[in-house]
Amino acid sequence: MKNAFASKMSYFILTFLFLIIMASFLFSGYDNFSLGGGKNVATVDGTEVTIKEYQIALNRQVEFFNQMMGGKGMSQKQLEEMGIKQSVMNGLIQQKLIANTAESMGFVVSLEEIKNEIKNLPYFKRNEQFDVNLYRNVLQSNGYTPTQFEELISNDLKQKKVDELFSTTLVSENAVKDILNFKNNGVNVHAIKISRQSLAPLVSVSEQEIKDYISKPENLKSLEAAYTENYAKYNQAEEVKARHILIKGENDAKALEKVKALRAKVTPANFGTVAGKESEDPTGKTNGGDLGWFSRGRMVPEFDDVAFKMAKGSISEPIKTQFGYHLIYVEDKKASATKPLAAVQNELAQLAIQKTKAQDLDKLLETEKGKIESLLKDNKVAELESIQKKLDAQFFKNADVNQYDQNVGQLNLSPKEAEELFNANPGDTLNFGNAGTIYLVKVNSKSVNQDKKVEEQLAAEVTAQNQAFSRKSREELIKTLNNKAKIVTNPAVM
């Protein structure tokens with residue numbers, strides 16, 4: 001991946017140089033900036049950044065932003081506000097730093113390499129052949145001598161050689177094979193993790209204990225804090241559960257015609273099927289246009305306004321938003337509901353008391369641990385899933401754990417736990433918990449994954465790691481060079 005500082009000078013010469021220099025200047029006041037002149041915009045360890053280099057790079061950036069803004073010319077004020085001039089200057093300084101570094105590292109560019117590079121440039125070819133007269137004429141018309149242009153190409157080739165140095169593969173083929181082997185070997189498990197505090201709702205509390213707790217003034221602040229913490233639970237906003245079909249509106253007339261035709265044939269019974277086939281929302285293809293539950297403000301206003309006015313079980317007429325045309329099917333609705341603190345203070349007091357009963361919690365922890373071990377041993381998945389919902393536990397069914405990642409679902413194993421797990425036999429149940437946690441893992445089977453996707457994924461990961469290391473190395477190099485280099489800028493000519 002190329003960094004901004006290592007962008008190839010030849011690219012902007014090839015792609016923009018001749019078109020930009022021959023074009024009209026693109027923004028107010030820029031026409032007073034001369035192509036000639038003896039001043040430099042900057043020097044980097046004595047290497048000049050010329051006005052011409054700066055103007056070419058600046059014009060390129062301006063042209064890029066002009067295209068993004070729909071062809072509108074940029075003003076001097078916009079240039080200043082967006083920091084384009086300084087950004088261009090920084091880029092040129094970084095290019096000079098890299099070119100100077102290449103030279104100091106002994107990267108030599110031969111005359112033959114320069115000639116071959118120039119001969120392959122499309123701007124200097126007629127009938128797919130290099131034309132020396134065209135080459136000279138184009139350079140002359142743009143104020144370059146062959147010597148100056150060849151120096152630019154030489155610097156570019158030096159930068160390429162530095163770039164190739166940073167792009168060298170960092171992970172060996174044998175290392176990749178070892179990682180792949182670890183990725184492909186592991187175990188299949190059921191795993192469940194329950195915290196001690198999540199068992200608090202199972203601790204018995206009497207009505208008298210609750211009354212005594214509420215009667216104490218010092219507990220009122222705790223109840224208010226608990227109510228605030230659970231505000232969303234006790235103050236339910238109005239919600240809608242809906243599906244939609246989206247037809248994008250690049251051509252409004254055709255999109256509207258299509259969505260009207262779909263409206264004529266959809267029913268509550270077939271809406272999901274039609275959405276899966278026809279919706280142009282990428283997720284709609286796989287989930288039948290299901291949007292789940294949402295409150296006001298989650299969707300764009302036009303969508304919200306219609307969805308919250310619709311009756312349960314109804315389908316809307318076509319709705320236009322910034323994304324295109326929608327059909328909305330409201331599957332269910334929840335009215336807003338508010339419970340004041342007074343209505344839930346007993347519930348909050350009970351929970352607060354339960355959390356303080358340490359001995360009861362410890363006993364429950366041991367009891368539940370024994371139950372879960374038995375359920376795991378007998379492979380009673382449905383009952384384990386019930387415990388998960390009841391106690392807000394983490395339960396991972398038939399999870400594959402490989403020797404490379406060593407994760408059970410979202411749970412990370414310690415090296416000791418991983419070693420114990422991979423040495424276990426099918427049917428073994430392992431206890432990775434502590435005094436405050438139940439964490440049990442049952443080994444279902446040894447697994448060997450020969451899926452080709454694993455190899456492809458690994459290759460992508462290795463590439464990403466190499467690129468990240470290369471990018472970081474370049475950044476560190478630029479930082480070091482900037483700190484050591486003598487850089488003099490001339491803002492007056494920018």
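The values are calculated or read from the model by the stated rules, or taken from the named source; none is laboratory data. Computed from a prediction, not measured in an experiment: that's the story for all the values here. Cβ placement follows ideal geometry from the backbone for every residue including glycine, while neighbour counts extend to all protein chains displayed.
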Members of the stretch 219-266 that are surrounded by fewer than 18 Cβ atoms within 10 Å (Cβ to Cβ), β-branched (V, I, T) and closer than 21 Å to R298 by Cβ: none
Only one of V448, V493, V488 is of a type in the set (V, I, T) and modelled with pLDDT of 75 or more. Can you tell me which? V488
With the requirement that a residue be farther than 18 Å from I245 by Cβ and aromatic (F, W, Y), what does the stretch 290-323 give you? W293, F308
Residues of the stretch 253-298 being touching a Pro at 6+ places or on another chain (Cβ under 7 Å) and not basic (K, R), which ones? L256, V259
In the stretch 93-119, residues that are surrounded by 12 or more Cβ atoms within 10 Å (Cβ to Cβ) and over 17 Å from Q159 (Cβ atoms) total 2
For a quick check of your reading of the model, give me the residue pairs whose first member lies in the stretch 216-238 and is within 12 Å of P340 (Cα to Cα) and among the hydroxyl-bearing types (S, T, Y), whose second is assigned to a helix (DSSP H, G or I) and at pLDDT 90 or above, with beta-carbon atoms closer than 6 Å and at least 6 apart or on different chains. Y227/L341; Y234/V344
N398 meets each of (1) part of a helix (DSSP H, G or I); (2) under 35 Å from the mean Cα position of the chain (by Cα); (3) within 10 Å of V443 (Cα to Cα) with one exception, condition (1)
Part of a helix (DSSP H, G or I), touching a Leu at 6+ places or on another chain (Cβ under 9 Å), surrounded by fewer than 16 Cβ atoms within 10 Å (Cβ to Cβ) and among the basic types (K, R), is that true of K369? no
Candidates S198, S167 - the one that is modelled with pLDDT under 85, surrounded by 15 or more Cβ atoms within 10 Å (Cβ to Cβ), under 30 Å from D378 (Cβ atoms) and in contact with a helix residue (DSSP H, G or I) (Cβ under 6 Å, 6 or more places away or on another chain): S198
Among the residues in the stretch 408-427, are any among the β-branched types (V, I, T) and either modelled with pLDDT of 90 or more or outside any strand (DSSP E or B) (or both)? no
Considering only the stretch 71-122, state which residues are of a type in the set (A, V, I, L, M), over 35 Å from the mean Cα position of the chain (by Cα) and in a helix (DSSP H, G or I). L111, I114, I118
Of the numbered conditions (1) under 40 Å from the mean Cα position of the chain (by Cα); (2) under 16 Å from Q159 (Cα atoms); (3) surrounded by 13 or more Cβ atoms within 10 Å (Cβ to Cβ), Q55 fails exactly one; give the number of that condition. (2)
Scanning the stretch 468-484 for residues that are surrounded by fewer than 17 Cβ atoms within 10 Å (Cβ to Cβ) and among the hydrophobic types (A, V, I, L, M, F, W, C) gives A468, F469
